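Encoded as structure tokens, the structure appears first; notes follow it.
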Amino acid sequence: MNLVGVTPPAPAPRPDSSPEPDRASPSPGPGSLRLVVMGVAGAGKTLIGRGLARRLGGEFVDADDLHPAANVTKMRAGQPLTDDDRWPWLDLCGRRLADAATGRRTLVLACSALRRAYRDRLRHAMPTADRRLCVVYLNLDPATAADRVGGRSGHYMPASLIDSQFATLEPPDPAAEPDVIVVDARLDPATIMGRVRQALVGA
């Protein structure tokens, strides 16, 4: 897989508006695809995930919508989740990916997947017959993440939890996790999606 690692000299506009539609045909890679768009809060996982699903002709699932009520309550109160909170949620995410693989459907999952163990949990959920999974890591710095989260409304994730997210984060190393595509989350959404598609074509 071609990996995309970029570090531009200056941040681009925050991904707070819908990208321009892309009418190009989906990636010509064989069969269907399962993608996990990961990163800290504010990286743009939902925006990029929705856009990729549309461009690839697939389904989009936001892992935030799969959290049990107890997890949401903790986060609203500014309490970081523990691994015990996350495992059942990750297993539910994994089942959605596995169901898509079994049905040979393209699915894009927006999920923080901050630690290597969390990503491996999703990988291990894939059926033996089709374990293909691609992880798109939206790399973002703490200051930009805090600015974006602080400026949004209607989400249960408060800016006060940004520090805990970065404390938990284990950035994926493509050398150790070859299914990872790394893109700088400060780029504009259309550029991010174009670079992911380019990497998928070369997979």
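The values are calculated or read from the model by the stated rules, or taken from the named source; none is laboratory data. Remember, it's a predicted structure, so these values are computed and weren't measured experimentally. Here the Cβ is made from the backbone with ideal geometry for all residues, glycine too, and neighbour counts use every protein chain on show.
So P174 clears everything in (1) outside any helix (DSSP H, G or I); (2) within 28 Å of R105 (Cα to Cα); (3) at pLDDT 95 or above; (4) in contact with a Leu (Cβ under 8 Å, 6 or more places away or on another chain) except one condition, right? Which one?
So P174 meets the others, but not (3).
Among what's in the range 69-104 and is touching a residue at least 24 places away in the same chain (Cβ under 8 Å) and aliphatic (A, V, I, L, M), pick the residue that is nearest to F166 (Cα to Cα).
The qualifying residue nearest to F166 (Cα to Cα) is M75.
Scan the range 32-52 for residues that are of a type outside the set (V, I, T) and either touching a Lys or Arg at 6+ places or on another chain (Cβ under 9 Å) or surrounded by fewer than 21 Cβ atoms within 10 Å (Cβ to Cβ) (or both) and report the count.
Filtering the range 32-52 down to residues of a type outside the set (V, I, T) leaves 32-35, 38-39, 41-45, 47, 49-52.
With the extra rule that they be either touching a Lys or Arg at 6+ places or on another chain (Cβ under 9 Å) or surrounded by fewer than 21 Cβ atoms within 10 Å (Cβ to Cβ) (or both), the set shrinks to 32-34, 38-39, 41-44, 50, 52.
Number satisfying all stated conditions: 11.
Return the pairs, sorted by first residue and then second, in which the second residue is among the acidic types (D, E), the first residue lies in the range 118-133 and is modelled with pLDDT of 95 or more, the beta carbons are less than 8 Å apart, and the residues are 6+ apart or on different chains.
Qualifying pairs under 8 Å: R119/E177; R121/D91; R123/D179; A125/D91.
Output the residues belonging to the range 164-203 that are over 16 Å from the mean Cα position of the chain (by Cα) and either under 16 Å from R115 (Cβ atoms) or buried (at least 17 other Cβ atoms within 10 Å of the Cβ) (or both).
Passing the criteria: S164, A167, A176.
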